[in-house]
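Reading through the structure tokens given below for one structure.
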Amino acid sequence: MAKVPVQFRLNGSDRAAFADPADNLLTVLRRGLNDFGPKYGCGQGTCGTCSVLVDGELRLACLTLAASCEGASIETVSGMADGPNLHPLQQAFMEHFAAQCGFCTPGMLTAAKALLARNPNPSRDEIIDGIAGNICRCTGYEPIIAAIESVARGAAAGQRR
Amino acid sequence: MARFRGRGMASVNYPIGMNLGGDPSQALIHSNPDGKFTVALSAIDLGQGMKQVTRQVAAETLGVPIEDVYVDTADSDTGPHDMGSFASRGTHRMGNAVIAAAREARGVLLEAAAEELEVNAADLVTDGKGNIHVKGAPSRSITVRATAQAAQFKQGKTIAGRGIFLIPLSSVDPETGEMNPNTAFAHACLVADVEVDDETGEVTVLGMNSAYELGRVINPKMVEQQLVGGAWMGISHALYETPEPYYPNPDHGPRDFNEYLMPGPGDIAPYSIAILERPAPDGPFGGKGPGEMCANPVLPAIANAVYNAVGVRVNDLPITPEKILRGIRANGGAKPQARRGGAL
Ligand code: FES
Ligand code: FES
């Protein structure tokens, strides 16, 4: 099939790639644009490690057609840190030992970012709900929940100040 | 129809490492001209923290800051030989190999420093902050960096060390059947509280409490991380995961994550852990390491708790609702067993 050009913003920069019309976004990000942040776990929407934000909305890149992202703004875990400064969620994941092998971490961070963007002060249950689409094999989830909770509580405290 | 609570416990004596043809690990350490050290291992860090633990062990033995040690585990083609990352052997075997390598490298480092300071190497100590000085005379000192540079560019010396740790193969005595395949055992005891629904057969883990004896805990946060994550995997193995079909026909076997069940973040149970440290005489700084035993006691403890709750003894894993319901039916109803050890 003839390749089609796809253009979108990726972590704030304009990027373009040639993609098969049937290519999913994950393939284009990883193979076409060398953004290896989002991981390929299952390729069928069940593990969550490919999670990205498309126009601010949490999406599974493995189930998103790249061509449908024309003109969109895509955020991946690779754009989370501001230069050498980690995003508060990344910092919290580090402090709470929320990664072991790290394979789920890109998806967990992205899901957490999306959650806090729509609900800056989530309850524990809302946090669990926010990462319910993401499988982690190593941590038993507790450190991940604790890390997200700490950022949410910190942000909430900041707002009150 | 009711929900029955039950409590089960399990204890483990867990051997660290294995006995297949002996169980060697090798490590190589060398200094770079900037005074930093590279540790080469072929064992792989799967996320259990082996890089961090061997880095701590190397820094402590070399007598240099931890920031100045880099652990490279990249390549089993080019690295020194290792049996691998399994059998909970990482901390113990690789840690010991790293200590041996670091001792040798430290010896050369101090000799090179001695030559620069014109003193006897035996009189030198490290301060762990990147300096080497004469014992009792901190002003007569040289940095590790300057020493590495002098060795490299002036003395023509390689600051490096080799290490191996081997527990030789132990064969069985044909007369007595005796053997000694292991030198370090870790221990644990775990209590699980569950609730079993006699209508659906579903098991909810209400909470777990455990005590782990792991030798010296080299990195407390990472030990906790492994124990918490491993316990989740134990629950998962006890109640959900199987590559076998739940039903006799293989067509019903799991092919992907839609069918291969694993608990999600909403299924975790409150878990508290007490860590006991009884340093192993032959462990690196007394360490044994948690490893696989993070998950091991969870399975029998949950199986025992299910029996305690409804009187059904499930002998094959996972303990599915179907097996529980069949057991309850065979027994003519749920048969809660006597409770021990106080309220939930
Ligand atoms: S790779 Fe997309 S959900 Fe698993
Ligand atoms: S840290 Fe390994 S899968 Fe989550």
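Pairing each residue of the stretch A:58-73 that is farther than 16 Å from A:Ala16 by Cα with any residue that is crowded, with 20+ Cβ neighbours inside 10 Å and basic (Lys, Arg), provided the two are 6+ apart or on different chains, yields C-beta distances under 9 Å for A:Leu58/A:Lys113. Considering (1) away from chain B (no Cβ under 14 Å); (2) more than 16 Å from ligand 2 (Cβ to nearest atom), the lone condition that A:Pro38 does not fulfil carries the number (2).
Considering each residue of the stretch A:136-156 in turn, at least one proves to be farther than 29 Å from B:Met50 by Cα, crowded, with 18+ Cβ neighbours inside 10 Å, away from chain B (no Cβ under 14 Å) and away from ligand 2 (no atom under 16 Å from the Cβ). Applying the set (1) within 18 Å of B:Met208 (Cβ to Cβ); (2) free of Cβ contacts under 8 Å to residues at least 12 places away in the same chain to B:Asn296 leaves exactly one unmet item: (2). Taken together, the residues in the stretch A:47-59 that are within 16 Å of ligand 2 (Cβ to nearest atom) and hydrophobic (A, V, I, L, M, F, W, C) amount to 2. Just one of the numbered conditions (1) in contact with a Gly (Cβ under 7 Å, 6 or more places away or on another chain); (2) within 14 Å of chain B (Cβ to nearest Cβ) is not true of A:Gly12: (2). It is to be established whether one or more residues within the stretch A:85-94 are over 25 Å from A:Ala132 (Cα atoms), in contact (Cβ under 8 Å) with a residue 60 or more places away in the chain and among the aliphatic types (A, V, I, L, M). So far as the stretch A:85-94 goes, no, none of its residues is over 25 Å from A:Ala132 (Cα atoms), in contact (Cβ under 8 Å) with a residue 60 or more places away in the chain and among the aliphatic types (A, V, I, L, M). Is there a residue being in contact with a Gly (Cβ under 9 Å, 6 or more places away or on another chain), within 23 Å of B:Ala231 (Cα to Cα), away from ligand 1 (no atom under 16 Å from the Cβ) and part of a loop (DSSP other than H, G, I, E, B) anywhere in the stretch A:107-129? There is no residue in the stretch A:107-129 that is in contact with a Gly (Cβ under 9 Å, 6 or more places away or on another chain), within 23 Å of B:Ala231 (Cα to Cα), away from ligand 1 (no atom under 16 Å from the Cβ) and part of a loop (DSSP other than H, G, I, E, B). Among residues of the stretch B:58-78 that are in contact (Cβ under 8 Å) with a residue 40 or more places away in the chain and assigned to a loop (DSSP other than H, G, I, E, B), those with a Cβ under 8 angstrom from a residue that is of a type in the set (D, E, K, R) and crowded, with 19+ Cβ neighbours inside 10 Å, sequence gap 6+ or separate chain, pair up as B:Gly63/B:Arg106.
Every number here is computed from the coordinates shown, using simple stated rules; none is lab data. None of the values given here were measured: they were computed from a predicted structure. Positions of Cβ are backbone-derived with ideal geometry, glycine not excepted, and every protein chain shown enters the neighbour counts.
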